[in-house]
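Below: the structure, in structure tokens.
The values are calculated or read from the model by the stated rules, or taken from the named source; none is laboratory data. Since we're looking at a predicted model, the values are computed, not measured. With ideal geometry, Cβ positions are generated from the backbone for all residues, glycine too; neighbour counts draw on all protein chains shown. Heads up: the accessible areas ignore ligands, DNA and RNA and are worked out on the full protein's heavy atoms, side chains in. Shrake-Rupley method; radii C 1.70, N 1.55, O 1.52, S 1.80 Å.
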Amino acid sequence: MNDKRYPAVMEKELASLVASEVNVKKRSDDDLREAQKLLKKDPDLSMVKITEAQDRINSFQRTIQAFKEKQKAFDEARTSHLERIKNADQSIQNTTVYLTGLKEKGYFVSIDKELVVVRKDWKSAQDILSVKDDVPDYHVVIKYAENVAKEARKVQTAWDERLNVQQTNNQALKRLSLWSGNQMKIAYQLALEKLKARAPSEVWESLAEDIKQKEVTLKVEFSRLSRDAEILNGTEKQEFTAAAKTIKRLDDLIKNVELSLQQPGKTLQEFIEAELKAATMASQAVSKINQAEKVVKGPDNTEGAGRGALAKAKEEVSKAENLKKSGLPNWLLVAGILTGAITLAQASEKQAWDKIDELRRRKMDEENRRQREEYKKERDRINSWSSSSSSYSSSSSFGGFGGGGFGGGGASGGW
């Protein structure tokens, strides 16, 4: 029977500390006796010996305290490990019951495979507890026990998440199976008929063709995708994530059809709004053209910038007017043309103003250049005159000085 209180490694550490205590006490006593002898002879060295002895004792006391804390922690682990082992065992039982229930419901579940990590850690904990020639390391036992509980929870959580995906898939499949779009189809047909009565075929013909093609695609794909999703989502395949992706493809397909069913109503609304705004837009386009024309054909726009855009804007207005006179005007097209005419008129005015500003800057730069050249000429003329004047003055002075120097009497008589 093993009557040790702590594992062999801790017992060995304790024995080492007991042996060290004797050695520390002996060395410290020797240092203190040496210090006593040196007290009068060399007080400084005596103090060094005392300090060394005290440091050695303090260091050993810290080591002892650390070991006592380790003992305390081990004693606590010895007490608490039983509860941890109990919790781990309960976790294994709960997870086993959970997986067994899934299996009974028809899910393909390999309990041994699901619990391989859990059982491995559980065995490791039991192996440590069953040692005969040493005290079990309860810290490690607790670590394994906690990991058993954690891994068991992970197994259940993973299955819960998968089952939630399956449940969501089932709800989506039920919802999609009930979809018929009848209400939307009625609204679609009413809007399409109204559109046919008010608009030329170019407006509604493509809408009717679009929904016809999409309904054919939906009929074929709906059956196939629904079947695939149900198979993937069943207990035999259990490919719930793949089923969710298939359902999304089916959902996207239905949403695409729904958008097409809504399109005649939206187009009808846009058509009515375009018809109501056509007169206002025409007036706005004419106003913008007249405003641009004043600038484009003004005296400052000498290079005629913007004339092309202005002419195009006028053509677009004329085109819109001709369309308005047809039996069933395409008001969407009319509104688009008038919007383009307004944009062209604004562009022509901007082009004209940009060119006018450029010409003004060019003229100003030219004027500045001319002024600089005139200033330079004037400065050169002044400098030239100043140089000539200085040269003449120097020549006159030199001649007078010479006359006075060589014929001083004559010069004096002259004055």
Review point. Yes or no: Asn330 polar (S, T, N, Q) and in contact with an Asp or Glu (Cβ under 8 Å, 6 or more places away or on another chain)?
Key: yes
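Residues that are over 30 Å from Val141 (Cβ atoms), aromatic (Phe, Trp, Tyr) and assigned to a helix (DSSP H, G or I): does segment 53-65 have at least one? Talk me through it step by step, then tell me what you get.
Keep residues of segment 53-65 that are over 30 Å from Val141 (Cβ atoms), which gives 53-61.
Checking the rest, the ones that are also aromatic (Phe, Trp, Tyr) come to 60.
Restricting the remaining residues to those that are assigned to a helix (DSSP H, G or I) gives 60.
Looking through segment 53-65, at least one residue is over 30 Å from Val141 (Cβ atoms), aromatic (Phe, Trp, Tyr) and assigned to a helix (DSSP H, G or I).
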Exercise for review: Can you work out which of the residues in segment 230-264 that are open to solvent by 40 Å² or more (accessible area, probe 1.4 Å), part of a helix (DSSP H, G or I) and of a type in the set (D, E, K, R) is farthest from Tyr107 (Cα to Cα)?
Suggested key: Glu258
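Identify, from the list Ile128, Ile64, Ile85, the residue that is of a type in the set (Val, Ile, Thr) and touching a residue at least 60 places away in the same chain (Cβ under 8 Å). Explain how you work it out, then say what you get.
Values: Ile128 fails: touching a residue at least 60 places away in the same chain (Cβ under 8 Å); Ile64 fails: touching a residue at least 60 places away in the same chain (Cβ under 8 Å).
Residue meeting the stated conditions: Ile85.
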Check your understanding: open to solvent by 80 Å² or more (accessible area, probe 1.4 Å), under 30 Å from Asp121 (Cβ atoms) and at pLDDT below 90, is that true of Val9?
Key -> yes
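Which residue out of Lys86, Lys41 is open to solvent by 50 Å² or more (accessible area, probe 1.4 Å) and within 30 Å of Trp122 (Cβ to Cβ)? Break it down into steps so the answer makes sense when it comes.
Numbers: Lys41 fails: within 30 Å of Trp122 (Cβ to Cβ).
The conditions single out Lys86.
Working carefully through the options Thr51, Thr63, Thr96, find the one that is of a type in the set (Val, Ile, Thr), open to solvent by less than 70 Å² (accessible area, probe 1.4 Å) and either modelled with pLDDT of 95 or more or touching a Lys or Arg at 6+ places or on another chain (Cβ under 7 Å) (or both). I'd like the intermediate steps shown before the answer.
On the way: Thr51 fails: either modelled with pLDDT of 95 or more or touching a Lys or Arg at 6+ places or on another chain (Cβ under 7 Å) (or both); Thr63 fails: either modelled with pLDDT of 95 or more or touching a Lys or Arg at 6+ places or on another chain (Cβ under 7 Å) (or both).
So the residue among Thr51, Thr63, Thr96 that is of a type in the set (Val, Ile, Thr), open to solvent by less than 70 Å² (accessible area, probe 1.4 Å) and either modelled with pLDDT of 95 or more or touching a Lys or Arg at 6+ places or on another chain (Cβ under 7 Å) (or both) is Thr96.
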Point to revise | Some residue of segment 132-141 being in contact with a Leu (Cβ under 7 Å, 6 or more places away or on another chain) and open to solvent by less than 50 Å² (accessible area, probe 1.4 Å) | key: yes
Exercise for review: Kindly indicate the residue of segment 278-304 that is open to solvent by 20 Å² or more (accessible area, probe 1.4 Å) and not in a helix (DSSP H, G or I) and also nearest to Ala341 (Cα to Cα) among those meeting that condition.
Suggested key: Lys297
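Give me the residue from segment 205-229 that is of a type in the set (D, E, K, R) and open to solvent by 60 Å² or more (accessible area, probe 1.4 Å) and, out of that set, nearest to Lys255 (Cα to Cα).
Residues of segment 205-229 of a type in the set (D, E, K, R): 205, 209-210, 212, 214-215, 219, 221, 224, 227-228.
Retained after the next criterion (residues that are open to solvent by 60 Å² or more (accessible area, probe 1.4 Å)): 205, 209, 212, 215, 219, 224, 227.
Details: Glu205: 21, Glu209: 17, Lys212: 15, Glu215: 12, Lys219: 14, Arg224: 17, Arg227: 19 Å.
Going through the qualifying residues, I end up with Glu215.
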Point to revise | Checking Lys196 against (1) in contact with a helix residue (DSSP H, G or I) (Cβ under 6 Å, 6 or more places away or on another chain); (2) modelled with pLDDT of 95 or more; (3) of a type in the set (Lys, Arg), the condition it does not meet | key: (2)
Exercise for review: Sort through Ala311, Ala320 and tell me the only one that's open to solvent by less than 20 Å² (accessible area, probe 1.4 Å) and either in contact (Cβ under 8 Å) with a residue 60 or more places away in the chain or closer than 30 Å to Lys355 by Cβ (or both).
Suggested key: Ala320
Study note, to complete from the structure: Result of the Cβ filter at 7 Å on segment 136-150, keeping first residues that are among the charged types (D, E, K, R) and partners that are assigned to a helix (DSSP H, G or I), at least 6 apart or interchain, is Asp137/Ile128; Glu146/Arg84
Check your understanding: Among (1) under 44 Å from the mean Cα position of the chain (by Cα); (2) of a type in the set (Val, Ile, Thr); (3) open to solvent by 50 Å² or more (accessible area, probe 1.4 Å), where does Val155 come up short?
Key -> (3)
Practice item. Report, by residue number, each residue of segment 161-204 that is open to solvent by 70 Å² or more (accessible area, probe 1.4 Å), over 26 Å from Asp252 (Cβ atoms) and not aliphatic (A, V, I, L, M). Key: Glu193, Lys194, Lys196, Arg198, Glu202
